[in-house]
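S.K.: Following this message is one structure expressed as C-alpha cells.
The values are calculated or read from the model by the stated rules, or taken from the named source; none is laboratory data. Please read all numbers here as calculations on a predicted model, not as lab measurements. Here Cβ is always computed from backbone atoms with ideal geometry, including for glycine, and neighbour counts include all displayed protein chains. With ligands, DNA and RNA removed, areas are computed over all heavy atoms of the protein, side chains included. Shrake-Rupley method; radii C 1.70, N 1.55, O 1.52, S 1.80 Å.
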Amino acid sequence: MTPSLPLSPSVSSKRLLPWVVAVAFFMESLDTTILNTAVPTIAEALKVAPLSMKSVLASYTLSLAVFIPISGWMADRFGTRRVFASAIGIFTIASFLCGITSDIHMLVAFRILQGCGGAMMVPVGRLTLVRTFARSELVRAMSFVAIPALIGPMIGPIAGGLIVGYFHWSVIFFVNIPIGLFGLYLVYRHLPDYRKERTYPLDVIGLILFSSGIALLSYVLEVFGEHTLSVREMLGLLAISTLLLTGYGLHATNTAHPLLRLTLFRIRTFRAAVSGSFFTRLGIGGIPFLFPLLYQVGLGFTPIQSGLLMMPQALAAMGLKMAMPGILTRFGYRNVLISNTVMLGLLILLFATIGVGTPVWLIVMQVFCFGFFTSLQYTSMNTLVYADVTEDQTSSASTIASTMQQMSISFGVASASLATAFFIPDRFRFDAAEMIHGIHQAFLVLGGLTILSAIVFRGLKSDDGDTVSRHQVMLPVG
C-alpha cells in the first residue's frame with residue numbers, strides 16, 4: 001500500500017519546508033531547555049524537593065513515548081498537514097494550562113497533555129521531510145532543520161534564568177503561545193499533505209499493552225527510592241510491566257499490522273541506530289536535568305548565571321552542525337558512532353570534577369565540547385535509521401525511532417535523579433556539599449553507562465549508512 005501523495009511541492013515550499021518543521025522543533029526544544037533552568041525555582045514555588053521535579057520533566061517525555069506510536073498511523077490516515085497542525089494546537093493550549101497552574105500534580109497532568117501534542121510534532125515532521133527529500137539530501141535537510149531548532153536550546157537556558165529572575169515562572173510556558181500561532185500559519189501555507197488512500201485499523205490491543213507497560217515501568221522508576229512503595233510492591237509492578245511489554249512483543253509478531261513493526265529490527269542499520277540511541281540517551285538524557293541543580297543548588301549560581309553556563313552546549317551544536325555531514329562522509333557511521341559515544345562518556349565523567357573552585361572558563365570549555373559531540377551523535381543516529389528502510393517502511397521507522405528516543409530520555413532523567421538521590425542521605429534536607437557529591441557520583445554512573453553503550457555500534461559494517469551520507473558536501477544548504 002503506497003502513500004497517496006499530493007502534487008510535488010513547489011520549489012519555494014520545498015525550500016521553506018525545513019523552516020516549517022523547525023518552528024515546531026524550536027518550540028519544543030525551547031520549552032524543555034527553559035524549564036530545565038527553572039527547575040530549582042519552580043520547586044521552591046511549589047514547595048517540593050528539587051529532585052521531585054523529575055516528574056514534571058519525565059512525565060512529558062513519557063507522554064511522548066506513549067503517544068508517538070500512533071503518530072504514524074494518524075499521519076497516514078488523516079494527512080500530515082492536519083495532524084501536524086493539530087499537534088501544534090494541542091501543545092500551545094497545554095502550555096497555557098501549565099502556566100496557570102499552581103500545583104505540581106496539575107502541572108504534571110498538563111505536561112502529559114503537552115506530550116500528546118509533542119508526540120505528533122517531531123515524528124510527523126521527520127516523516128514529512130523523509131517523504132519530500134531524496135535519501136542523498138536527507139542528512140543535509142535534517143541538519144538544516146536542526147539549526148533553527150537549536151536556537152531553542154541556545155536561548156532557552158538564559159531565557160529561563162531571566163524569566164524566573166525578573167518575572168513569574170509561569171511566563172516560561174506562555175512564550176509558546178505566539179510561536180505556536182506562527183507555526184500554524186506556516187503549516188497551512190507550506191506543509192505538504194501526505195496520506196495513504198487506505199489505512200489499516202489501529203492496533204488498539206497493541207496500544208494498550210505497550211502504553212500500559214511503558215507507563216508502569218516509568219512509574220516504578222519515578223517512585224524507586226522514595227519509600228512510597230515497599231520493595232515487594234515495586235517488584236510486583238516491575239513484573240507486571242515486563243509481562244505487558246512481553247505480551248506486546250508476542251502480539252506484534254502475530255499481528256498483520258501491529259502498532260510498532262518490530263520486524264524492522266531485522267535491518268542491521270535500523271537495529272543499531274535505534275538500540276544504540278536508546279542506550280546512549282540513557283546516559284546523556286539526564287544531563288540537562290543535573291546541570292541546573294549543580295549550578296544553582298550546589299554551586300550557588302543564580303538562574304541567569306546557570307542559564308549562561310548552559311548556552312555553550314547549544315552554541316557548539318549549532319555552530320558546527322554544517323560540518324557533520326562531511327564528518328560522516330569522511331569517516332563513516334560505524335567509526336563516528338563508536339568513537340563519538342566513548343568521547344561523550346569520557347566528557348560526562350569529566351563533569352564530576354566541576355566543583356566550587358572550578359574556573360568558569362573551564363566549565364564553558366567542557367560544556368562546549370559536550371555540545372558538539374552530542375549533536376554529532378544525534379545527527380548520526382537519527383539519519384542512520386532511514387539508511388536501508390523502504391518508502392513503505394519510513395512511517396513505522398520514524399515512529400519506532402521517536403518512541404525509543406523519548407523513552408530513553410524519560411528513563412535517563414529518572415536514572416539521573418535516582419543516581420543522585422542514592423548518594424544523598426536525605427533528598428528533602430541536604431546542604432550544597434551533599435548535592436554536589438550526589439551529582440558527581442551520578443555523572444560517574446551515567447558516563448560509564450554511556451561508554452558501555454558504544455558496544456551496540458560495533459555490529460555496524462564500515463559502509464553502512466553510505467546511502468544517506470555520500471555526496472552530502474555537494475548539496476546546497478537550503
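S.K.: Once you have the Cα-Cα distance between residue 78 and residue 177, take 0.36 nm times their residue separation minus that, and quote the gain in nm to one decimal.
M.R.: Between residue 78 and residue 177, full extension yields 33.2 nm more.
S.K.: Sticking with this one: What is the calculated FRET efficiency for residue 302 to residue 271, with r their C-beta to C-beta distance and R₀ = 60 Å, to the nearest 0.05? Don't jump to the answer; show the numbers that get you there.
M.R.: Values: r = 45 Å, r/R0 = 0.76.
The pair residue 302/residue 271 has a calculated efficiency of 0.85.
S.K.: Work out the length of the dipole vector of the stretch 387-466 about its Cα centre, built from +1 on the beta-carbon of each Lys and Arg and -1 on the beta-carbon of each Asp and Glu, and round it to the nearest 20 debye.
M.R.: With only Lys, Arg, Asp and Glu charged at Cβ, the dipole is about 440 debye.
S.K.: Sequence neighbours fewer than 8 away in the same chain don't count; with that in mind, list the aspartates and glutamates whose C-alpha is under 20 Å from residue 54.
M.R.: 28, 31, 44, 103, 222, 226, 426, 431, 434
S.K.: Follow-up. Taking the structure as given and computing semi-axes √(5λ) of the Cα gyration tensor in Å, which label from (i) 33, 25, 24; (ii) 43, 27, 20; (iii) 38, 30, 22 fits?
M.R.: (i)
S.K.: Pick out, in residue order, every one of the trypsin sites (Lys or Arg not before Pro) in the stretch 27-124 that is DSSP loop and has at most 11 other C-beta atoms within 10 Å; say none if there are none. Please report the intermediate quantities before stating the final value.
M.R.: Working: sites: 47, 54, 77, 81, 82, 111; in loops: 47.
Within the stretch 27-124, the qualifying trypsin sites (Lys or Arg not before Pro) (loop, at most 11 other Cβ atoms within 10 Å) are 47.
S.K.: I've got another one for you. When the accessible area of the stretch 327-449 is split by element with a 1.4 Å probe, what percent falls to carbon and sulfur?
M.R.: Looking at the stretch 327-449 in its full context, I get 70 percent from C and S.
S.K.: A further question follows. Label points 7 Å out from Cα along the Cβ direction at residue 362 and residue 390: separation in nm?
M.R.: 5.7 nm
S.K.: Expressed in whole Å with the largest first, what are the equivalent ellipsoid semi-axes of the stretch 265-349 derived from the C-alpha gyration tensor as the square root of 5 times each eigenvalue?
M.R.: Value: 30, 17, 10 Å, ordered largest first.
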